[in-house]
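Reading through the C-alpha cells given below for one structure.
The values are calculated or read from the model by the stated rules, or taken from the named source; none is laboratory data. Source: prediction; values computed, not measured. Cβ coordinates were reconstructed from backbone atoms using ideal geometry, including for glycine residues, and neighbour counts include every protein chain displayed.
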Amino acid sequence: MKETQVINRIETGKRIRRLRVENGYQVTDIQRVIGLASPQSVYKWERGDNLPSIDSAVILAWIFDIPVEDLFVLNDSDEDLDEEDRKVTACK
C-alpha cells in the first residue's frame, strides 16, 4: 500500500513565490488573472498560511506553464511536518 502524501504548505508557498518571481509577475498580476478580490490570498499562499483552491491552482499552473502537480511540494509522511501541518493531517 502506498504511504500517505501530504502537501507541505511552507515549501509549496516558497515554490509559488519562486515561480512568480522567476516569471516576472507581481502579486497584483496573479490576483488580477485569478480574479481575487485582494492580493492577500496570494501572500497567504506564499507564506504557507493557506493553499490555493483547486481552481486557483489550475490557473497558477497555466500562468507558470507547468503541470498542476508541480505546483505543490509533497511529504511522503508526516515525519517532516511542522506541528500545524501535523494537526491538519490528523484531522483527515
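Remarks
- Scanning the range 1-49 for residues being assigned to a helix (DSSP H, G or I), among the aliphatic types (A, V, I, L, M) and within 21 Å of Asp65 (Cβ to Cβ) gives a total of 8.
- Where a residue in the range 55-68 is on the phi > 0 side of the Ramachandran plot and its partner, wherever it lies, is modelled with pLDDT of 95 or more, with Cβ under 9 Å and at least six apart: Asp65/Asn23
- Qualifying residue in the range 51-70 (condition: among the hydroxyl-bearing types (Ser, Thr, Tyr), over 11 Å from the mean Cα position of the chain (by Cα) and either part of a loop (DSSP other than H, G, I, E, B) or modelled with pLDDT under 95 (or both)): no
- Among (1) part of a loop (DSSP other than H, G, I, E, B); (2) buried (at least 17 other Cβ atoms within 10 Å of the Cβ); (3) at pLDDT below 55, the one test that Lys92 misses: (2)
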